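S.K.: This is the structure I have questions about; it appears just below.
The values are calculated or read from the model by the stated rules, or taken from the named source; none is laboratory data. Bear in mind that the values here come from a model prediction, so they are computed numbers and not experimental data. Cβ: placed from backbone, ideal geometry, glycine included. Neighbour counts: every protein chain shown.
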Amino acid sequence: MPVASSLFLGLELAVDQLRASLVDESLELVGVECVDFDTELAEYQTQGGIFTTPGDAYTTPVEMWIKALDTVLEKLERTYDLTRIKSIGGSAQHALVWWKSTTVPSLSSLDPHVPLVQHFSQALFSLPNTSIAQDVSSHTHALTIEALLGGPDHMAARVGGSATPSCIAAQLLRVRETWPQEVWARTGRVQLASAFLASLIAGKWMPMAEAEACASGMWSHTTGQWDENVLDIVGGSHEEGRHVRGWLGDVDVSGGGRRAGTVGRYLVERYGFDPETIVTSFTSDGLAAYLSVAPQPSDVVLQFGPMDVMMAPAQHYIPTRLYSLFPHPAQDPAEKRRYVAVLTNRNADVPRALVRDMYTKSWSAFDRLVAIVPPGGSIGLDDKLFAFWHLQGDAHPFAHVKGIYRFETGIKVTEFRDLRANPRCLLESQILSLRVRYAKMLTTGVLARALPAPANSATTASMAISSIPTRSTTYRPAPPVSSALGLAFDPYDSAPLPTRVIATGAAANFPSVANLVCDIFNAPVFVPGSQIASAQTAPHRNAPASGCPSRASLGAAYMARWVWGREWGVGGAANNANANGVVVSFEDDMRRMLAKRWASTAGAPLRPSMHGPPGTAPGSGTSTPYGRGARAANALLEEDEEDESEMGRKRGGTPHVLAVERALSSGRGSPGVGVIGGAQHAGYGVGMTPSSSNSSMGTSTSTSSIGAPSTAYTTPDLGLLSPGLSGANGNGINNTGTGQIGSNGATAGTPTTPTPLTPVAPMPTGDAEMQVGLAKVAEPDADAFCAYAAIVPEYCRLEGMLVKGIV
C-alpha cells in the first residue's frame, strides 16, 4: 500500500476571512478552506470583517479571529487527514493584539475539550477591537514621530522607512494619547497578528518575524534591536519606553529558514495533528503573497487592493524615504542577506470605486470606458489630462497632500470638459506614480545587480526557468534632456524597468488595467492561474472564489514546504546548496521543485482551484470601498453595447462636457461627511462602508445597504451640462429633459442589470511561467510605452506642485 504524501498547511488571517491552503510535496494544491467573517461569524456584525467609526478608524474584533481559527480547523479535520500535515506556515494582516496584564491562560496547557474562543474571550484584551492596516486615524501621530526623529530621511535611516499611518509605532502613540489612561495601564503584552496566530498554533508565545518588526516603525535592522528613541517617543518617557519594549517581546532574526516551533499540544489532542509538525515563522500577508509567485530578481510583484503595493527584490540594505525596505521573509542564515523593497499607494481601490460610482454604472462599464478613451485622456500631444485622487493621508512624499486634483493643459480645473476621461486618468495617475517611484528607487542602487549567468540545467524544464529575459537594473544617469526637465532618470529607457510585472488583486482582472500596466512599464503582465480561475466567477472581488486559494495562504504553504524540505533534505536542491556549494534561495528552490513536478507530469499546469461549486463563499469580498452607493440613473456610460460607429465617435471629436461634482454644493460640517480638496468625500455616513483588505471591488447595486444616498455622491450635476449636449448625442448622455440619459433611451430611475465584467484571458505563455502557475495577460507595445514616457515629465511637474502645496 503506497505511503500517503505529506501535506503542508498555509494560513492567512485576512481582514474579511481566515483562509487555509494545503499543498503536497510537489507544491500541487490539494485543499482549500476558508471562514468568512461576515456570514459565518455574523454575530460579530462586521462589514467586510471590520467596524468603521468617524475619524478614518477601521477596527476588527480579535475574538472573531480566534473563533475563525476554531472553525477553519474543524473544517480541515472533517475533510483531511491532519496527521499527514508535516509543517504549518502562516501570514496575517498588519494589526496589533493588545493583551491585558492580568493572568492569561497558559498556551501550553489549554483544555483540548474546549474551543479556543472560550479560553481567550475578549475580556483578556485591553483593546477588544484593534486597528487594521487601512486605519488612517493615526496619521498625525505618524507624522509626529517622523518629525521628532528629524524628518523622513532620518527616520528611514533608523528604522528602514518613513512614517505611515498603519505602522505600529503610530498606533501605539495614538492609543496612549487619545484613549483612556486605563487602556494603556492595563496592557501587559502586544503582538502583531502574525505572531498572535503563530502563538495559538504552536501553543507558546512566538516572536514576530524580523520583516514584521521592520514594518512596525520601531525596529533597527542595522543594530538588530528595537530603536530606543522611537520607544521613548511612543511611551512618552524612557521608563514607559522600556515598558513598550517589554510588551513587544523578542524578534526572530533567523531569516525564516528554520522551524520556529512545533504544533501545540492543544491542536494535537483536539484535532489530531502530528506532535512533530513544524511551525514556521509567520509573516505578513503581503510578503506571503510575494513568496507564492517566486519572483525573479528583475521582476516586480504588483498587488492591487485597498492599498496598491509594489514589491521588488532588493540586494542591498539602503534605506531611504522613497520606499520601505524589509528583510526577505524566507532565507537561509548562511546566504547573503536579501530584502524586499516596497512602494505603497493608500489611495487605490477607494478612488477607483468612487470614480466608478460617479461616472459609470458598473465595473464592466468602467473597464470599457477606460478602453475607449485615448491615452492621457485626449488624442492631442499637448493637451493631456491628469488626475490625482488623494482621499487619505499617505506616506512621504504625499503625507500632507489630501484632495482631488485635475489638470487640463497644465491648469488646475474643477472637472474635465470630457467627463469620460476620469476613469482612465485616475488609473494612469496611479500606475504612473508607481512607475516614477520605481525609477527613483532605482537611482538609489538598492536594486542594483549584475546580469545572472546562464544556468547549467540538466533538464529541459529547468532550462525553461533560466530562459526568462532579464534586464539590468544598474542605475544609468539620466541624459541631459531628462535632467533639463528635472528628471533623475530617462523616461524613454525601458532597460532598467522590470522584466515582468506579476499582478494580483481584483484590479488585475480588468483588461484595461492589465494593458495600462503593460504599456507604462513596457513589460509583459502575468497573473497567477488561481486568480484567473477565480475571476471567472467573481472578477471584481479580491477575495478568491470558492475552491480557489488565496495567494498569501499559498505562499505560507510554500514556506512550510521549504522549511520542512531543508530540515529533512528533500528540497529542490540537495543539502540546500547547488553544485557549486552556493546556498539556494527560496525562490530558486521553489522553481526547481515546480520544474521537477512539470517534468514528471509531462507539462501539466498547476491546479488553480479545487473546482468547488460555482460562486464565491457567501459574502466573500462583497463590500465596496466607501459603500455601494445608489446607482445614479444619469450615469455617464450605459450598459448596453454601442455599435462600432458610436465607439468611433467616442474616441475623438465629440463635444466636451462642462460639469462639476454636485458634491461641491453640499453642506459642510457634518460629522459623517467631509469635503476634501473641494470635492465631496463620502468617508462615513449615508450607508457607506470602507473596504476590507481582500474585498475591494464589490458589484454595484441600485441601493445602499443603509439607505440610498443622494446622487450627489455618485454623479456630476447634469444640470450644468453644456447646451450643446441637449438631446442624445452619442456620448451616452441625453439632456433633453425627458429623463433619458443614454442613446439606448434608458429612463432615469429605471434600474438596469449590469453587464458582467469580462476578465482578462490568458495569452500564449512560456513554459517558464506556466511551471510556477503564471499566465500572461498583456504584451507590451513600444509605441504605447513611448506615448506614456512622453507625459512623464509633465506628470512629475504636476505631482511636485502637489507635494510642495503650490496648488
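S.K.: Give L110, L73 a once-over and let me know the one that is at pLDDT below 95 and either among the charged types (D, E, K, R) or crowded, with 19+ Cβ neighbours inside 10 Å (or both).
M.R.: Numbers: L73 fails: at pLDDT below 95.
On inspection, the qualifying residue turns out to be L110.
S.K.: Okay, moving on. Could you go through region 249-268 and let me know if any residue there is surrounded by fewer than 16 Cβ atoms within 10 Å (Cβ to Cβ), farther than 20 Å from E146 by Cα, out of contact with any helix residue (DSSP H, G or I) (no Cβ under 9 Å at 6 or more places or on another chain) and at pLDDT below 95.
M.R.: yes
S.K.: Kindly evaluate R78 against the criterion of being in contact (Cβ under 8 Å) with a residue 60 or more places away in the chain and either over 24 Å from V175 (Cα atoms) or among the aliphatic types (A, V, I, L, M) (or both). Steps first, please.
M.R.: On the way: in contact (Cβ under 8 Å) with a residue 60 or more places away in the chain: no; either over 24 Å from V175 (Cα atoms) or among the aliphatic types (A, V, I, L, M) (or both): yes.
So R78 fails the test.
S.K.: Every residue in region 356-400 that is hydrophobic (A, V, I, L, M, F, W, C), surrounded by fewer than 22 Cβ atoms within 10 Å (Cβ to Cβ) and modelled with pLDDT of 90 or more, please.
M.R.: Step one: list which residues in region 356-400 are hydrophobic (A, V, I, L, M, F, W, C), which gives 358, 363, 365-366, 369-373, 379, 381, 385-389, 391, 395, 398-399.
Right, trim to surrounded by fewer than 22 Cβ atoms within 10 Å (Cβ to Cβ) and you get 371-372, 379, 381, 398-399.
Those that are hydrophobic (A, V, I, L, M, F, W, C), surrounded by fewer than 22 Cβ atoms within 10 Å (Cβ to Cβ) and modelled with pLDDT of 90 or more: A371, I372.
S.K.: Can you go through M770, M801, M763 and tell me which one is at pLDDT 90 or above, more than 25 Å from R435 (Cβ to Cβ) and among the aliphatic types (A, V, I, L, M)?
M.R.: Values: M801 fails: more than 25 Å from R435 (Cβ to Cβ); M763 fails: more than 25 Å from R435 (Cβ to Cβ).
Exactly one residue qualifies, and that residue is M770.
S.K.: Of everything in region 374-420, what is of a type in the set (K, R) and within 18 Å of M358 (Cβ to Cβ)? Give them in sequence order.
M.R.: Those that are of a type in the set (K, R) and within 18 Å of M358 (Cβ to Cβ): R406, R417, R420.
S.K.: Return the residue satisfying two criteria in turn: it lies in region 284-308 and is in a strand (DSSP E or B) and under 20 Å from G773 (Cβ atoms), and of such residues it is farthest from the chain's Cα centre (by Cα).
M.R.: First pass over region 284-308, keeping only residues in a strand (DSSP E or B): 284, 299-303, 308.
Then drop every residue that is not under 20 Å from G773 (Cβ atoms), which leaves 299-303.
Details: D299: 17, V300: 13, V301: 10, L302: 8, Q303: 4 Å.
Here the answer is D299.
S.K.: Restricting attention to strands (runs of 3 or more DSSP E) lying wholly within region 321-429, give those where 3 or more residues are of a type in the set (F, W, Y).
M.R.: On the way: elements: 324-327, 339-345, 385-390, 403-408, 411-413.
Ranges flagged: 385-390.
S.K.: Do you know which residues across region 508-547 are buried (at least 24 other Cβ atoms within 10 Å of the Cβ), aliphatic (A, V, I, L, M) and either within 18 Å of R607 (Cβ to Cβ) or in contact with a Gly (Cβ under 6 Å, 6 or more places away or on another chain) (or both)?
M.R.: Once the filter is applied, which keeps residues that are buried (at least 24 other Cβ atoms within 10 Å of the Cβ), aliphatic (A, V, I, L, M) and either within 18 Å of R607 (Cβ to Cβ) or in contact with a Gly (Cβ under 6 Å, 6 or more places away or on another chain) (or both), region 508-547 yields V527, A535, A543, A545.
S.K.: Go through region 149-203 and give me each residue that's assigned to a helix (DSSP H, G or I) and of a type in the set (D, E, K, R). I'd like the intermediate steps shown before the answer.
M.R.: Filtering region 149-203 for residues assigned to a helix (DSSP H, G or I) gives 152-159, 168-178, 181-185, 193-202.
Residues satisfying the conditions are D153, R158, R174, R176, E177, E182.
S.K.: Let me ask something additional. Go through (1) surrounded by fewer than 23 Cβ atoms within 10 Å (Cβ to Cβ); (2) more than 18 Å from M590 (Cα to Cα); (3) not polar (S, T, N, Q) and name the single condition D285 misses.
M.R.: That leaves (1) as the condition not met.
Per-residue answers, yes or no, for (1) more than 30 Å from L107 (Cβ to Cβ); (2) surrounded by fewer than 22 Cβ atoms within 10 Å (Cβ to Cβ); (3) without any contact (Cβ under 8 Å) to a residue 40 or more places away in the chain:
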residue: Q134; (1), (2), (3): no, no, no
residue: H139; (1), (2), (3): yes, no, no
residue: L148; (1), (2), (3): yes, yes, no
residue: M155; (1), (2), (3): yes, no, no
residue: I168; (1), (2), (3): no, no, no
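S.K.: Here's something else I'd like to know. Test T59 against the stated conditions and say whether it is surrounded by fewer than 18 Cβ atoms within 10 Å (Cβ to Cβ) and touching a residue at least 24 places away in the same chain (Cβ under 8 Å).
M.R.: Numbers: surrounded by fewer than 18 Cβ atoms within 10 Å (Cβ to Cβ): no; touching a residue at least 24 places away in the same chain (Cβ under 8 Å): yes.
So T59 fails the test.
S.K.: I would also like to ask the following. If H221 satisfies all but one of (1) surrounded by fewer than 20 Cβ atoms within 10 Å (Cβ to Cβ); (2) touching a Gly at 6+ places or on another chain (Cβ under 6 Å); (3) over 28 Å from W179 (Cβ atoms), what's the number of the condition it fails?
M.R.: It is condition (1) that H221 fails.
S.K.: Scan region 33-47 and give yes if some residue there is at pLDDT below 95 and in a strand (DSSP E or B), otherwise no.
M.R.: Within region 33-47, one or more residues are at pLDDT below 95 and in a strand (DSSP E or B).
S.K.: Given (1) of a type outside the set (V, I, T); (2) in contact with a helix residue (DSSP H, G or I) (Cβ under 7 Å, 6 or more places away or on another chain); (3) touching a residue at least 60 places away in the same chain (Cβ under 8 Å); (4) assigned to a loop (DSSP other than H, G, I, E, B), where does P105 come up short, assuming only one miss?
M.R.: Of the numbered conditions (1) of a type outside the set (V, I, T); (2) in contact with a helix residue (DSSP H, G or I) (Cβ under 7 Å, 6 or more places away or on another chain); (3) touching a residue at least 60 places away in the same chain (Cβ under 8 Å); (4) assigned to a loop (DSSP other than H, G, I, E, B), the odd one out for P105 is (3).
S.K.: (1) crowded, with 23+ Cβ neighbours inside 10 Å; (2) at pLDDT below 95: which one isn't true of A198, the others all being true?
M.R.: It is condition (2) that A198 fails.
S.K.: Which numbered condition trips up A123, out of (1) part of a helix (DSSP H, G or I); (2) in contact with a strand residue (DSSP E or B) (Cβ under 6 Å, 6 or more places away or on another chain)?
M.R.: (2)
S.K.: Please determine, by comparing only the residues of region 548-569 that are of a type in the set (G, A, S) and crowded, with 24+ Cβ neighbours inside 10 Å, which one is nearest to P756 (Cα to Cα). Spell out how you get there, then give the answer.
M.R.: Here is the first cut: in region 548-569, the ones of a type in the set (G, A, S) are 550, 552-553, 555-557, 560, 565, 569.
Within this subset, residues satisfying the condition of being crowded, with 24+ Cβ neighbours inside 10 Å are 550, 552-553, 555-557, 560.
Working: S550: 23, A552: 27, S553: 28, G555: 30, A556: 33, A557: 33, A560: 38 Å.
Among those that are of a type in the set (G, A, S) and crowded, with 24+ Cβ neighbours inside 10 Å, it is S550.
S.K.: Follow-up question, since we're still on this one. On the given criteria, is P105 modelled with pLDDT of 95 or more and surrounded by fewer than 19 Cβ atoms within 10 Å (Cβ to Cβ)?
M.R.: Working: modelled with pLDDT of 95 or more: no; surrounded by fewer than 19 Cβ atoms within 10 Å (Cβ to Cβ): yes.
Against the criterion (modelled with pLDDT of 95 or more and surrounded by fewer than 19 Cβ atoms within 10 Å (Cβ to Cβ)), P105 does not qualify.
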